């Protein structure tokens, strides 16, 4: 019999991240498939009652929390400490946690302290005949692995975008606070503030409906023999502002800065898609001025509807990778598209 712990942290406003609600769907489905199992919810944050009430109808038999000012902000030492306390208090054999940047740092440490095993980037969970199996991608999303472990507790960090977000009715959860007096050694790192870009310069939007991918072609000489980086930046940023799309980049484009080439100053390696970059999940994708290296294309394989704009009809990025290819000048296409978005 498995004891499944759904482990999450709250946002700064006390709510749950979207990926936490997606992980809740995975935890509920797994509990339903494993006969005799029980589901326990564990929450970490400065204040957790509102978050617990928001998922009160999830079917958890118990709600365990570690809360207080020490646990409000992301910090490895306090997060790993709190997670370990909840896991032991729950007697968990399976721990499902969302792969947020906060938990991606802390949960591996908690797994070590609890004497368990951990797998990250989980993209599917199956239960057949009482045996739990997970799926995850390897080698830059080229190989899909299916695995199982007998060791317990087994920690699973669930990737965002692979499950539907749970929509639980608000109720009143009976919360049990876990005693977790944070030692002074865990307070050596202090969070003094948060710096974030203004809304106008934010280019990475995980929840956007569209991923716009820019390639190195934006920085190359155009039909008049000149480069037009200012125009490229105006077209791209204008489109992002009007569509609220998320910006992705091919590796060749972000690498130009290390090669001494002209670059788009709002583009960084954080925007990189594929070839050691991210593999985002958006309903739609539009690739522009990208060449055809397979490692780049791999990064957007989880986009549901893929389109590309390129002057080369034989572009490897588009051939067999895009659902629709527009053989056209991306500068002109985006200029016209921005005009249409205004009207």
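Has region 156-169 got any residue that is in a loop (DSSP other than H, G, I, E, B) and either closer than 17 Å to residue 84 by Cβ or outside the structural domain of residue 81 (by TED's automatic domain parsing) (or both)? No, that holds for no residue. Contact annotation: residue pairs with Cβ atoms under 6 Å, 6 or more positions apart or on different chains, pairing a residue in region 80-108 that is without any contact (Cβ under 8 Å) to a residue 40 or more places away in the chain with a partner that is in a loop (DSSP other than H, G, I, E, B), are 84/114. As for region 1-12, it holds at least one residue that is free of Cβ contacts under 8 Å to residues at least 40 places away in the same chain and surrounded by fewer than 21 Cβ atoms within 10 Å (Cβ to Cβ).
In region 119-155, of all residues being touching a residue at least 24 places away in the same chain (Cβ under 8 Å) and not in a strand (DSSP E or B), the one that is farthest from residue 104 (Cα to Cα) corresponds to 130. Restricted to helices (runs of 4 or more DSSP H) entirely inside region 227-343, those with at least 3 residues that are modelled with pLDDT of 85 or more are 229-243, 330-342.
Can you give me the ranges of the helices (runs of 4 or more DSSP H) entirely in region 1-112 with at least 2 residues that are touching a strand residue (DSSP E or B) at 6+ places or on another chain (Cβ under 8 Å) and within 17 Å of residue 167 (Cβ to Cβ)? Before you say what the answer is, go through the steps one by one.
Numbers: elements: 18-33, 49-54, 76-90.
The helices (runs of 4 or more DSSP H) meeting that bar are 18-33, 49-54.
The values are calculated or read from the model by the stated rules, or taken from the named source; none is laboratory data. Since we're looking at a predicted model, the values are computed, not measured. In this analysis, Cβ positions are derived from the backbone assuming ideal geometry, glycine residues included, and neighbour counts consider all displayed protein chains.
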